[in-house]
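What follows is one structure encoded as structure tokens, with my remarks underneath.
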Amino acid sequence: MTTTSPIAPAAPVLAEVVRSGFVEGLHRGSLVVLAADGSVEYTLGDPGTPVFPRSCNKPMQAAAVLRAGLDLSGERLALAAASHSGEGFHLDLVRKMLAEHGLTEDDLQCPEDLPLDPVEAEAYLASGQVRGRVAMNCSGKHTAMVAVCRLNGWDPATYLDPSHPLQQLVLEVVEEAAGERVTAVGTDGCGAPLMAITLVGLARAFRSFVLAPEDSAERRVADAMRAYPEYVAGTRRPDTWLMRGVPGVLSKMGAEAVQAVALPDGRALAFKVDDGGTRVLGPVLARVLSGMGVDGDVLARVGDAPLLGGGERVGEIRAAF
């Protein structure tokens, strides 16, 4: 006799795809909002299930590099926590950081890639350049990781191994910031170890960074990201717009449609869209922040996700909660 496992309920709809007035698609996922005191204020779906935060883990990775003794600040520290767009100023600073630490592009173990921003990728190719490690959006993080290995006498050839001293320190920082144990370790798109935590833990981690003591590694990372958001993302990216448009906000997106944000008063949010569609991030983020009392023109900019037909706007992706 065979048995049938119960079917898990579908996650709630976070956003609708509306074309010519017709709902042609749905994006489901989970979300959590923390109150200023850190308690859970609002949820959708199951934010207690572990997820891979992808690049939302980068602030924790940057804090680990500082704890290990690497002296970074300003734009360089922001770039160490970045998923940069591959704009000229990003690539120039990565190359400067490599030279400052006696490194070359060949020391990096991130994949060769094109700039993340499509506009920049077209210009990059048109100029005759080819895929390279510096152009990969995680190259700032990898530069910092190799540099801190050289500083501490750690093997730079194995810096992406989960058992490496640096990655063990990253694990410690992630668990401390999230207030929970990492439940799985995988490999991120850039090759670095990737630690799974819940959305509640991710929101807690971002909250802990904005509330950390000023001289702590965590606060130094948060302050650098907020002061130089163009280096965290790029001139055409929502994380940059939000950190420029709302004073004191810390914002970072991750691949597979993960987003985390902390407000300076300790409120925080994190969400994950199940299908990984990053086009949904802006509308969902704008809706959550509006519900938290954040206002300003930047929310309209972040939340605008048009659909085109024949080159003209015929619809949009809109939040559905």
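The values are calculated or read from the model by the stated rules, or taken from the named source; none is laboratory data. The model shown is predicted, which means the values in this text are computed figures rather than measured ones. Don't worry about glycine lacking a Cβ; one is built from the backbone with ideal geometry, like all the others, and counts go over all protein chains shown. Protein only, heavy atoms only, side chains kept; ligands, DNA and RNA dropped before computing areas. Shrake-Rupley method; radii C 1.70, N 1.55, O 1.52, S 1.80 Å.
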Within the range 274-314, count every residue that is touching a residue at least 60 places away in the same chain (Cβ under 8 Å), under 23 Å from Gly38 (Cα atoms) and open to solvent by less than 20 Å² (accessible area, probe 1.4 Å).
2
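Could you say whether any residue in the range 118-131 is touching an Asp or Glu at 6+ places or on another chain (Cβ under 6 Å) and at pLDDT 95 or above? Steps first, answer last, please.
Filtering the range 118-131 for residues touching an Asp or Glu at 6+ places or on another chain (Cβ under 6 Å) gives 120, 131.
Now drop any that are not at pLDDT 95 or above, which leaves 120, 131.
Yes, the conditions are met somewhere in the range 118-131.
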Can Thr183 be described as closer than 21 Å to Pro59 by Cβ, under 16 Å from the mean Cα position of the chain (by Cα), β-branched (Val, Ile, Thr) and open to solvent by 60 Å² or more (accessible area, probe 1.4 Å)?
no
Positions within the range 55-71 being basic (Lys, Arg) and surrounded by fewer than 22 Cβ atoms within 10 Å (Cβ to Cβ), in sequence order:
Arg67
Selection over the range 13-53 where residues are under 21 Å from the mean Cα position of the chain (by Cα), loosely packed, with under 15 Cβ neighbours inside 10 Å and over 26 Å from Gly293 (Cα atoms) yields a count of 1
For Pro213, all conditions in the list (1) open to solvent by 10 Å² or more (accessible area, probe 1.4 Å); (2) touching a strand residue (DSSP E or B) at 6+ places or on another chain (Cβ under 6 Å) hold save one; what is the number of the exception?
(2)
Need the failing condition index for Pro229 against (1) more than 20 Å from Ala300 (Cα to Cα); (2) open to solvent by less than 10 Å² (accessible area, probe 1.4 Å), just the number.
(1)
Inspect the range 243-264 for any residue being touching a Ser or Thr at 6+ places or on another chain (Cβ under 9 Å) and part of a helix (DSSP H, G or I) and give the result as yes or no.
yes
Kindly indicate which of Gly153, Gly86, Gly140, Gly128 is in contact (Cβ under 8 Å) with a residue 40 or more places away in the chain and over 20 Å from Val221 (Cβ atoms).
Gly86
Does Ala78 fit the bill of being buried (at least 24 other Cβ atoms within 10 Å of the Cβ), closer than 17 Å to Ala233 by Cα and among the hydrophobic types (A, V, I, L, M, F, W, C)?
yes
